[in-house]
Amino acid sequence: DAMARGGMHDQLGGGFHRYSTDAKWLVPHFEKMLYDQALLARAYLEAYQVTGKAQYADTARDIFEYVLRDMRDATGAFHSAEDAGEVGKEGEYYVWTPPEIDDVLGPEDAALAKRFYDITPSGNFEHGTTILSVSTPLDAFAAQEQHPIDEIRRQLAAARAKLLAIRSQRKRPHRDDKILTDWNGLMIGSLAY
């Protein structure tokens, strides 16, 4: 649960970064590995099967959407990794400031997104930037907001789509386009599962 809500999980683009550098699962090493996506997707699918909690199925779907969108080769095979961020500073592709959120979303949606993803003026990362994370689960957050959960879910999905579109215009970290049979096998197995 903490991994899925933390900064180790790419809250906008999906998938998981390689590992966390802190005990709160907040600050990741921003590299994304195919084998991590495969194994975590399988774990979240199994958690869903055992518990019936939709949040685990949603996390698995999120991983699959990321891999199918961003790690797939033109032939259908999967690339091995995305680097941590040789763009400039590590993580700069993934982090946000409150003014950036405001510019993209407008006042009402920005305020909601900033509350949900813990985006503050001081930030939680370097240079006053914020790694998106979720400290309050969606159902509890909707109750705090005193709005139906479906309405909050819809608003946040729309906000994520807008932010992801803007983020995709940033210079993306390098993709390691090696196609490794064993890692592809793991991913294919998880997709089949």
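Would you mind working out the accessible area per residue for the range 112-160, using a 1.4 Å probe, and quoting it in Å²?
On the way: 2540 Å² over 49 residues.
Here the residues of the range 112-160 average 52 Å² of exposed surface.
For the pair residue 127 and residue 29, how long in nm is the line joining their label points, each one 7 Å along Cα→Cβ?
2.2 nm
Mind checking which of 148, 28, 173 has the largest fluctuation in a GNM of the chain, springs on alpha carbons under 10 Å?
148
Would you tally the net charge around residue 44, using a Cβ to Cβ cut-off of less than 15 Å, leaving residue 44 out, and scoring K and R as +1, D and E as -1?
Values: positive: 5, 42, 53, 61; negative: 1, 10, 36, 46, 58, 62, 65.
Neighbour charge sum, excluding residue 44 itself: -3.
What percentage of the solvent-accessible surface of the chain, computed with a 1.4 Å probe over protein heavy atoms, is contributed by carbon and sulfur atoms?
53 percent
Can you compute the modelled spin-label distance between residue 102 and residue 164, with each label point 7 Å from Cα toward Cβ, in nm?
The answer from the label model is 2.7 nm.
Gain in length, residue 74 to residue 174, computed as 0.36 nm per residue apart minus the alpha-carbon separation, to one decimal in nm? Numbers along the way, then the final one.
Details: separation 100, 0.36 × 100 = 36.00 nm, distance 1.70 nm.
Net length gain for the segment: 34.3 nm.
Hey, what number do you get for the chain at 222 nm if only DSSP H runs of n ≥ 4 count, each worth -39500 (n - 2.57), divided across all residues, to the nearest 500? Kindly include the intermediate steps, with their values, before the conclusion.
Values: 8 runs with 96 residues, N = 193.
So the calculated ellipticity at 222 nm is -15500 deg cm²/dmol.
Given 0.36 nm per residue, what is the gain on full extension from residue 182 to residue 58 after removing their alpha carbon distance, in nm? Could you put the intermediate results ahead of the total?
Numbers: separation 124, 0.36 × 124 = 44.64 nm, distance 2.55 nm.
Length difference between fully extended and current span is 42.1 nm.
Pick from 170, 18, 160: which residue has the top mean-square fluctuation in a GNM of the chain where Cα pairs under 10 Å get a spring?
170
The values are calculated or read from the model by the stated rules, or taken from the named source; none is laboratory data. Bear in mind the structure is a predicted one, so any value in this text is a computation, not a measurement. Virtual Cβ from ideal backbone geometry, glycine too; neighbours counted across all protein chains shown. Note: areas computed on protein heavy atoms with side chains; ligands, DNA, RNA excluded. Shrake-Rupley method; radii C 1.70, N 1.55, O 1.52, S 1.80 Å.
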